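Read the figures in this text as sums done on the coordinates, not as results from a lab. Because the structure is predicted, anything quoted here is derived from the model rather than measured. Cβ sites come from the backbone with ideal geometry, for glycine too, and all protein chains shown count toward neighbours.
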Amino acid sequence: MSYTCLRYHITYSTKERRTWISPELLPRICEYMGGMIRQVKGHPILINEPEDHLHVVCSIPPTITVADFIRDLKSNCTSWIHDTFPDLRDFCWQDGYAAFTVSPTVLPPLLNYVLAQQEHHKKVSFRDELIWLLKNHGIGFDERYLL
């Protein structure tokens, strides 16, 4: 028997950081993504989006790579948005993403942080947030390629 606890904090933005995610649309996207995560035997813990990017806190099974999981999550969600909301036919996510592992001790403050995203982004841009996350996790980056 194998035992794993593979929790991730994943974030990525809409293409060109366009503000497509309205407060009315947010719960439906979160519900849809939660269902997609459960479909692959993962566990959605929290999903929240300011208007132009997404934060997902979830666990996924060890049989799925993070890259494949995020690719499928973004692709399927985009198709669902196009089918469900005809006025959002141009909607799409950016090409890249950031993903961080989450330890049990960090989970409660992370959930508070993700829950407060709408208020947080009244003061901090997604770009500045992403730089902080990358630095905080010791990930090198080239600012020319930040979203």
> What are the semi-axes of the equivalent ellipsoid of the chain, taken as the square roots of 5 times the eigenvalues of the Cα gyration tensor, listed largest first and rounded to whole Å?
Replying inline: 22, 20, 15
> Using θ = phi - 60° and the Karplus form 6.51 cos²θ - 1.76 cosθ + 1.60, what ³J(HN,Hα) does each residue of the stretch 65-81 get, whole Hz, x for Gly and Pro?
Replying inline: 6, 4, 4, 5, 4, 5, 4, 5, 4, 5, 5, 5, 5, 4, 4, 4, 4
>> Could you work out the relative contact order of the chain? I mean the mean sequence separation of Cα pairs under 8 Å and 6+ apart, divided by the number of residues, in percent.
In response: 31 percent
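Would you mind calculating the gained length between K135 and T101 on full extension (0.36 nm times residue separation, minus the Cα-Cα distance), in nm to one decimal?
Values: separation 34, 0.36 × 34 = 12.24 nm, distance 1.43 nm.
Length difference between fully extended and current span is 10.8 nm.
List K15, K123 from most exposed to least, where exposure is judged by having the fewest other Cβ atoms within 10 Å. Spell out each step's value before the answer.
Values: K15 15, K123 7.
Listed from fewest to most nearby Cβ atoms, that is K123, K15.
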> For the stretch 30-37, in order, what is each residue's ³J(HN,Hα) by Karplus, 6.51 cos²θ - 1.76 cosθ + 1.60 with θ = phi - 60°, in whole Hz (x at glycine and Pro)?
Replying inline: 4, 5, 4, 5, x, x, 5, 5
> ³J(HN,Hα) across the stretch 82-98 via Karplus (A = 6.51, B = -1.76, C = 1.60, θ = phi - 60°), whole Hz, x for Gly/Pro?
Replying inline: 4, 6, 8, 10, x, 6, 10, 4, 8, 4, 6, 8, 4, 6, x, 6, 10
> Residues with amide H under 5 Å of R7's amide H, sequence separation 5 or more or different chain, H placed in the peptide plane at 1.01 Å from N; which?
Replying inline: V102
> Q94's amide H: which non-local residues (gap 5+, or another chain) put their own amide H closer than 5 Å, with H modeled 1.01 Å from N in plane and none for Pro or chain starts?
Replying inline: S13, T14, K15
> Roughly how many debye, to the nearest 20, is the charge dipole of the stretch 7-139 about its Cα centre, given +1 on each Lys and Arg Cβ, -1 on each Asp and Glu Cβ, and no other charges?
Replying inline: 340 debye
